[in-house]
1. Name the single residue that is farthest from residue B:354 (Cα to Cα) among those in region B:168-211 being within 14 Å of another protein chain (Cβ to nearest Cβ) and part of a strand (DSSP E or B).
2. Any residue that is at the interface with chain B (Cβ under 7 Å from one of its Cβ atoms), closer than 21 Å to residue B:211 by Cα, assigned to a strand (DSSP E or B) and modelled with pLDDT of 95 or more - is there at least one of those in region A:81-94?
3. Can you pull out the residues in region B:227-244 that are within 14 Å of chain A (Cβ to nearest Cβ) and either assigned to a loop (DSSP other than H, G, I, E, B) or within 15 Å of the chain's Cα centre (by Cα) (or both)?
4. Scanning for something farther than 30 Å from residue B:203 by Cβ, more than 14 Å from chain A (Cβ to nearest Cβ) and modelled with pLDDT under 95, does region B:391-413 turn up at least one residue?
5. Any chance region B:430-446 includes a residue that's surrounded by fewer than 17 Cβ atoms within 10 Å (Cβ to Cβ), out of contact with any helix residue (DSSP H, G or I) (no Cβ under 7 Å at 6 or more places or on another chain) and either touching a residue at least 12 places away in the same chain (Cβ under 8 Å) or part of a helix (DSSP H, G or I) (or both)?
6. If you scan region B:388-404, which residues turn out to be in a loop (DSSP other than H, G, I, E, B) and exposed (fewer than 12 other Cβ atoms within 10 Å of the Cβ)?
7. Would you please name the residue that is surrounded by the most Cβ atoms within 10 Å (Cβ to Cβ), looking only at residues in region A:10-36 that are assigned to a helix (DSSP H, G or I) and in contact with a strand residue (DSSP E or B) (Cβ under 7 Å, 6 or more places away or on another chain)?
8. Taking region B:33-53, which residues are over 13 Å from residue B:341 (Cβ atoms), under 23 Å from the mean Cα position of the chain (by Cα) and exposed (fewer than 15 other Cβ atoms within 10 Å of the Cβ)?
């Protein structure tokens, strides 16, 4: 397996920026993806954006000394997400139940994506994409949760367009300053 | 400062640890009305009540600190809370575990800024470089300026130790009260039920690495009472999660009427349906259900028939005051109070050490999928507890009593099990006893009264349960 597809491994140096046309296309794809999430069109997100071989990981972040070899996170330990297609599908099923009370009444979502960097890889069908996000959720009268983080994505180009094959999500919070995570990143 | 003659010289500080004395708060104790099975909402929002809880409950009870497996080697440590007090739990060179307030006796700053670490030689305060050994003793100060002062009594100074630390089958607890009874006495015969999770196979248990921490704007007692005996909420609150994972609603099993019960000792409580795998099934991985079926068979000799049926059953448990777990789903958690209206929730996953690696991995993912902030069950709990708390800011609202009266006639005097037994898990019995225990802590300033009140276990043995 390419290192690129190993969910436990970070990207190597991102030093192969793609041509403007590819960068534009992938940027548009990222914007369209979060528009689906903002609209809670989760099933459509799953079928249109997510590759069947998806690995989707968001570890818990710890505060550790700089000289601690474990670092802020470790693959195989506690995580918010460590999903294949099957796990993502279960989460989406819950959203689609009328009794998903944390989403009924509806949450107002916003994902802002920026700092997009698109890089070519040794496989011409795969692209290494770095981006950062601000996610705002607001519900009821004044319940607001804001999560900031960065993402390391691998997109696969296929006949139907791009699909998300791997996503590593790193938020900046140690204690999650929210009661739940009723969204995807 | 002038009690030694006051010729321009100050007396020397007394740096001995100070362990707060308990008081008596009968007015607060009366907020729990046992005769009417109702609770006054001020227990969830009143700042005076909250400060009394820190003094009466969190400064006296045995509180969960860590699992032995998190700090296997000398110098391994984790940072946690006891109530709102920041605490370091560290393995000593003689392999015992000690715990200390994470506060420098010089100016009070934290001496440990990280969540955990391994093989530490000590802790150094960032402010003036006072350094402490893993035994809590002061080793030195930056530049030895203090050491050069001839009145400086270095040997008298150290991190304040947690008064007692002890462990039960892998779980380490501590209390700030030097006069508290032993951990085993604090549990009483409730260990009978703890062993369902902690001693169901050879080799003991361990926590999977890492912890998920989150904040919920609720009073700490709402989640604690939820786990002590509220399976009722699962049907309504968690209907969506059950549909997503199981394709159907929560099922209490065919023999509910015959098997299900609640048990309570000193406010600790468990509710279970003895349906073998109902909780495990909700993790969504059939391999785990097979594993627990096999485990349940094997555990029959160890735990007896009744408890072997509880390993994966639909069930939940709280150790008074704020440590909870779900058998079968293997999520262990502490609801740390952060004021009357806020908690920090810390969640771990427990597995048997001898479980195959792929089983441990499925528990890790299963807990993540269900009982973590993005999990399909926990997702819907937080908002309930937040609004149960927040609405009581309303002056008139908080004058209205809350109803805890399900199962008033359900005491089971025939079943020979440890503790107060009530028939059926759909019952408020354990929650009433949880709040009765809370009231006992408010009422009493001594452990003799605390251990001999209404929540104390009725005298009987567990032998007939086998």
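The values are calculated or read from the model by the stated rules, or taken from the named source; none is laboratory data. For clarity, every value in this text was computed on a predicted model and none was experimentally measured. Because the Cβ atoms are built from the backbone with ideal geometry, glycine has one as well, and the counts that use them run over all protein chains shown.
1. Among residues in region B:168-211 that are within 14 Å of another protein chain (Cβ to nearest Cβ) and part of a strand (DSSP E or B), the one farthest from residue B:354 (Cα to Cα) is B:207.
2. Within region A:81-94, one or more residues are at the interface with chain B (Cβ under 7 Å from one of its Cβ atoms), closer than 21 Å to residue B:211 by Cα, assigned to a strand (DSSP E or B) and modelled with pLDDT of 95 or more.
3. The answer is B:238, and nothing else.
4. Yes.
5. yes
6. B:395, B:396
7. The selected residue is A:30.
8. Within region B:33-53, B:48, B:51 meet the criteria.
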